[in-house]
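Heads up, the thing below is written out as structure tokens.
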Amino acid sequence: MFLQALKIAAAIGTAGTGLLSLFKPSLVTSFTGVHAEGPRGVTEVRAIFGGLLVGMGAFPLIVGAPVAYRMLGVLYLSIAVVRLVSMVVDGSVDRSNLISLVVEVTFGTILYL
């Protein structure tokens, strides 16, 4: 029961992050360092950081199937692996990347279990 509550919280957190990115794309820029140039760039931030995260987080909540939560967990763990490799290769070990890595591993583990 407690684990299921954590899974629901992680899915809501994912969708919530997407909503923030959708309606306040400047938050993505300030946290990630990704800069949107012009209206086309802002649309891309809204679509990828907003729309994709909203869909990823909302789907398990709507479907309610354990496999949907597990898939979201796999996505988070995949992102974490790529982020970790990139942090080493690109020399981008900084506070925001470490925070993102911790969240991705935490959410990924919770959602996969």
Legend entry - Peptides ranked, highest mean first, by Cβ atoms within 10 Å: ranges 59-66, 83-90: 59-66, 83-90
Inset, instruction - Using Cα centres only, tell me the gap between the stretch 80-113 and the stretch 1-52 in whole Å. - result: 16 Å
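Just need the relative contact order of the stretch 34-113 here, percent rounded to a whole number, with Cα pairs under 8 Å and 6+ apart. The partial results should precede the final answer.
Working: 48 pairs, mean separation 25.8, N = 80.
About 32 percent, as a whole number.
Per residue, what accessible area does the chain have, given a 1.4 Å probe and all protein chains present, in Å²? Kindly include the intermediate steps, with their values, before the conclusion.
Values: 6930 Å² over 113 residues.
So the chain comes to 61 Å² accessible per residue, rounded to a whole number.
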Legend entry - Amide proton proximity set for Ala36, modelled H, under 5 Å, gap of 5+: none
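If you roll a 1.4 Å probe over the chain with all protein chains in place, what percent of the accessible area is carbon or sulfur?
For the chain, the apolar C and S fraction of the accessible surface comes to 75 percent.
The values are calculated or read from the model by the stated rules, or taken from the named source; none is laboratory data. All values reported here derive from a predicted model rather than from experimental measurement. Don't worry about glycine lacking a Cβ; one is built from the backbone with ideal geometry, like all the others, and counts go over all protein chains shown. Note: areas computed on protein heavy atoms with side chains; ligands, DNA, RNA excluded. Shrake-Rupley method; radii C 1.70, N 1.55, O 1.52, S 1.80 Å.
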